[in-house]
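The values are calculated or read from the model by the stated rules, or taken from the named source; none is laboratory data. Quick caveat, the model's predicted, so the values are computed rather than measured. So basically every Cβ, Gly included, is an ideal-geometry build from the backbone, and we count neighbours across all protein chains shown. Just the protein is used for accessible areas: all its heavy atoms, side chains included, with ligands, DNA and RNA removed. Shrake-Rupley method; radii C 1.70, N 1.55, O 1.52, S 1.80 Å.
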Amino acid sequence: MARVYPEHVLSIGLTQSNFTNTQWVDKVSGSILLFCLVFGTTSNVLALVYFVRITSKSLAEKLYSAISFFDLTISIVQTPVMISLLCNREPMMFLSRAVCGIWIVLFEYLQRISIYMIVLLSVTRTLAIVRPFAEIKERVVMISVIPYSLFLLADVLIGVSTPQIDQTFYYLFDFGYAIKGFHLKLEDSRGLKVQIAFMDIQNLIHSLQVVIPSIVVFVSFVVALIKLSSLPTQTSSQKKLHRASMTISLATAAFLTCNIPFFVMLSFEFYDSNIENKNPVLGRSPIAVAHLWSISKVVFVSLNASINPVLYFFRIRRFKRWILSLAICRKMKIGNGQETLSESKADQELGSPSIPVNVNRHSTVQMKLSGKQSGQNQKLRSTRRPINIPNNNDQRHSAVINCNSNC
């Protein structure tokens, strides 16, 4: 007996049976998204903590903070698509229409606002390279995120608040994720034409939100690379500027690489829907196109969110030292714990009496040592722990040992 799905779970030509021979593609895509969920979430949390802790942030560091936050959210929000692809495109979490709506709003907003943040990062750095003495108003750059965010959410807000537009959310087996659908409530004969025109305008706006920023990023990327090749790197300040600019260029290159597939798919969709032709590009292989949509829109975007912290680690030296210090401290704490356990076990094997140790990490004393050869007093700061040693007469003697705690 075929399973009955809610009315918002649809198919426009393909069903689960069409993907029997290509299930491995969904498995690979779902596994990549699972990696992005684990690694991308962890690495972006570390990056966000690092950049937030910086007291006097530069413009680039402020943008890095915002990008880390958006990348962290993308790594989490893609979870319903990951589960669907790993479960043979079963709706799973998308069985709820509310989840479909929340996912569409969040993912599309995060994807496009991340693109805008890369635009700000790339353009401001290119201006600093081309015109090093030009003043860039950081406050204006950061505040510009607010009106652009409202612009991105405008189509959703209009659809919800206008009584002439009926907007709903669907899950499509063809794509493996949720989409937005709407129609105009018009009763006259012109309703269909108006609805088609409205859909074309919506698709055009969505395409421009991706295409125009991508073109701006590409142009600034090329200009920055050309200018960087001619910059001198003799002094330390010049080397620092060159390294920081190259880091931003690499982040821009990663963005372009991960977003070009979605840009190409949007271009083909716009070509097929607006130009009359008997052989549409996306209609030649529906199954392959269905896989390409999920890969280009979700998988590559999530990969980009996971790649950025890796670039920070290898290109930003202070961030790398901070991550390594966390790892070293963790390793030393684990090592100290294992060493204490091994010593206690050895004492028990030798038949030594157990010695209770009262640890006080905050008690420090200054000890003065006199040296005949130097003739000068030296100060040695040490930490002491009192150790209670029981004897046969139930008397306790205190001893002092030195320790140095670096973590």
Hits in region 203-252 - residues which are buried (at least 16 other Cβ atoms within 10 Å of the Cβ), farther than 21 Å from Leu311 by Cα and not aliphatic (A, V, I, L, M): His206, Gln209, Pro213
Out of curiosity, is Pro213 touching a helix residue (DSSP H, G or I) at 6+ places or on another chain (Cβ under 8 Å), closer than 27 Å to Cys258 by Cβ and at pLDDT 80 or above? yes
What number of residues in region 122-155 are touching a residue at least 60 places away in the same chain (Cβ under 8 Å), crowded, with 17+ Cβ neighbours inside 10 Å and of a type outside the set (Ser, Thr, Tyr)? 4
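Condition check ((1) free of Cβ contacts under 8 Å to residues at least 24 places away in the same chain; (2) out of contact with any strand residue (DSSP E or B) (no Cβ under 7 Å at 6 or more places or on another chain); (3) not aliphatic (A, V, I, L, M)) across all residues:
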residue: Val9; (1), (2), (3): no, no, no
residue: Phe19; (1), (2), (3): no, yes, yes
residue: Ser31; (1), (2), (3): no, yes, yes
residue: Arg53; (1), (2), (3): yes, yes, yes
residue: Leu85; (1), (2), (3): no, yes, no
Is it true that some residue in region 161-182 is at pLDDT below 80, among the aromatic types (Phe, Trp, Tyr), open to solvent by 30 Å² or more (accessible area, probe 1.4 Å) and more than 30 Å from Thr233 (Cα to Cα)? yes
Do the conditions hold for Leu95, that is, is it at pLDDT 90 or above and more than 24 Å from the chain's Cα centre (by Cα)? yes
Of all residues in region 44-100, count the ones that are under 30 Å from Leu14 (Cα atoms) and part of a helix (DSSP H, G or I). 20
Pick from region 17-30 the residues that are loosely packed, with under 14 Cβ neighbours inside 10 Å and of a type in the set (Ser, Thr, Tyr): which of them is modelled with the lowest pLDDT? Ser17
Could you tell me whether region 113-128 includes any residue that is among the charged types (D, E, K, R) and at pLDDT 85 or above? yes
Working only within region 32-64, note down all residues that are over 29 Å from Ile295 (Cβ atoms), surrounded by fewer than 19 Cβ atoms within 10 Å (Cβ to Cβ), in contact with a helix residue (DSSP H, G or I) (Cβ under 9 Å, 6 or more places away or on another chain) and not β-branched (Val, Ile, Thr). Arg53, Lys57, Ser58, Leu59, Glu61, Lys62
Across region 67-121, what is the number of residues that are under 24 Å from Phe173 (Cβ atoms), open to solvent by less than 50 Å² (accessible area, probe 1.4 Å), in contact with a Pro (Cβ under 7 Å, 6 or more places away or on another chain) and not aromatic (Phe, Trp, Tyr)? 2
Of all residues in region 233-259, how many are at pLDDT below 85 and closer than 18 Å to Val299 by Cα? 0
With the condition kept exactly as written, say whether any residue in region 289-297 is modelled with pLDDT of 80 or more, in a helix (DSSP H, G or I) and open to solvent by 50 Å² or more (accessible area, probe 1.4 Å). yes
